[in-house]
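A.B. asks: I have a structure here, written as structure tokens, and I will follow up with some questions on it.
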Amino acid sequence: MALLTVLEFPDPRLRTIAEPVEHVDDALRQVIDDMFETMYDAPGIGLAATQVNIHRQIITIDVSEDSDEPLVLINPSFESISDELEQMQEGCLSVPGFYEEIKRPNHIRVKALDRNGESFEMEAHDLLAVCIQHEIDHLNGKLFVDYLSNLKRSRIRSKLEKIHKLEQSN
Ligand SMILES: [Zn+2]
């Protein structure tokens, strides 16, 4: 197992569109295990492969209190999305230190492959629904800051750029 480096906004690689996974094999399961390790270490409740510079459609999630309900979605797609929206505070390992209220559909149905390559469908509500949508956005090169006003997004951008510059000069 290995900890992976998480890309941070405004890194342009976060805008890459992930490719579908063709074969679920041991090499892919290794990537999934590394993603879980990186996510739990951060700590975070969700991670998309895009965030660790692997541009394939893989997301890892665990919204349980005890971090003991790992969920992996490979090639996820929406089967249905509710009209009802819910506002929740979101954060992101790629936008560290910033939390903003975002409105999203609060009930979704998704289809994906599991870590054995078997197809499954699941329903998700509330936090899990939000988390899955947030991670699927990553696979499409989209970040939660894209839902904010230009002003808010550029403030976050310049604060993070300052931090990144400091980190480089150290
Ligand atoms: Zn994120």
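The values are calculated or read from the model by the stated rules, or taken from the named source; none is laboratory data. In this text the structure is predicted, and so the values were computed from the model without any measurement. Here Cβ is always computed from backbone atoms with ideal geometry, including for glycine, and neighbour counts include all displayed protein chains. Only protein heavy atoms, including side chains, enter the accessible area calculation; ligands, DNA and RNA are left aside. Shrake-Rupley method; radii C 1.70, N 1.55, O 1.52, S 1.80 Å.
A.B. asks: For GLU37 and ARG115 in the same chain, what is the full-extension length gain: residue separation times 0.36 nm, less their Cα-Cα distance, in nm?
C.D. replies: Here the answer is 26.5 nm.
A.B. asks: With n ≥ 4 as the cut-off for DSSP H runs, can you work out [θ] at 222 nm for the chain, using -39500 (n - 2.57) per run divided by the number of residues, rounded to the nearest 500?
C.D. replies: -10000 deg cm²/dmol
A.B. asks: OK, next. Could you give the dipole magnitude of the range 21-89 about its Cα centre, charging the beta-carbon of Lys and Arg +1 and that of Asp and Glu -1, in debye to the nearest 20? Please list the in-between numbers first.
C.D. replies: Numbers: 2 positive and 16 negative charges, 76 e Å.
Rounded to the nearest 20 debye, it is 360 debye.
A.B. asks: Here's another thing I want to ask about it. May I ask you to give the percent of accessible area on the chain that is carbon plus sulfur, with a probe radius of 1.4 Å?
C.D. replies: Its accessible area is 47 percent carbon and sulfur atoms.
A.B. asks: What residues from the range 42-57 fall in the zone where the backbone N is under 17 Å from a label point 7 Å along the Cα-to-C-beta line of MET122?
C.D. replies: 44-49, 57
A.B. asks: With a/c under 1.5 counting as rounded, go ahead and sort the range 40-170 into rounded, prolate or oblate using the C-alpha gyration tensor (a ≥ b ≥ c being the square roots of the eigenvalues; past the cut-off, prolate if a/b is larger than b/c, else oblate).
C.D. replies: Verdict is prolate for the range 40-170.
A.B. asks: Residues of the range 105-142 with amide nitrogen under 14 Å from the 7 Å Cα-to-Cβ point of GLU79?
C.D. replies: 108-114, 119-125
A.B. asks: Separate question: Over 21 Å, how big is the tail of the calculated P(r) for the range 98-164, in percent of all Cα pairs?
C.D. replies: 39
A.B. asks: Would you mind checking LYS103/LYS165; LYS103/LYS159; LYS142/LYS165; LYS111/LYS159 for any pair whose Cα atoms are more than 29 angstrom apart?
C.D. replies: LYS103/LYS165; LYS111/LYS159
A.B. asks: For the range 76-128, what value does the Rg/Rh ratio take when both radii are computed over Cα atoms and Rh is the Kirkwood radius, given to two decimals? Could you put the intermediate results ahead of the total?
C.D. replies: Details: Rg = 13.5 Å, Rh = 12.7 Å.
Result for the range 76-128 is an Rg/Rh of 1.07.
A.B. asks: If you average the sequence gap of Cα pairs under 8 Å that are 6 or more apart and divide by the length of the chain, what percent do you get for the contact order?
C.D. replies: Relative contact order comes out at 23 percent.
A.B. asks: Once you have a ≥ b ≥ c as the square roots of the Cα gyration tensor eigenvalues for the range 7-115, tell me rounded if a/c is under 1.5, and otherwise prolate or oblate according to whether a/b is larger than b/c. Please report the intermediate quantities before stating the final value.
C.D. replies: Numbers: a/c = 1.40, a/b = 1.18, b/c = 1.18.
Verdict is rounded for the range 7-115.
A.B. asks: A further question follows. Using a 7 Å offset from Cα along Cα-Cβ at GLU69, what residues in the range 93-109 end up with backbone N under 15 Å from the label point?
C.D. replies: Answer for the range 93-109: 108.
A.B. asks: Of ILE156, ILE136, MET122, which is farthest on the positive side of the dipole of the range 121-167, counting Cα position, with +1 on Lys and Arg Cβ, -1 on Asp and Glu Cβ, and the Cα centre as origin?
C.D. replies: Result: ILE156.
A.B. asks: For the chain, report the accessible area per residue in Å² (1.4 Å probe, heavy atoms, rounded to an integer). Please list the in-between numbers first.
C.D. replies: Working: 9250 Å² over 170 residues.
Per residue, the chain has 54 Å² of solvent-accessible surface.
A.B. asks: A follow-up question, please. Apply the membrane-span-like helix rule to the chain: whole DSSP H runs, Cα extent along the own long axis of at least 18 Å, mean Kyte-Doolittle hydropathy at least 0.5. List the helices found.
C.D. replies: Flagged H segments are 126-139.
A.B. asks: Still on this structure, please answer the following. Report the charge-dipole magnitude of the chain in Debye, nearest 20, computed about the Cα centre from +1 at each Lys and Arg Cβ and -1 at each Asp and Glu Cβ.
C.D. replies: For this selection, approximately 1160 debye.
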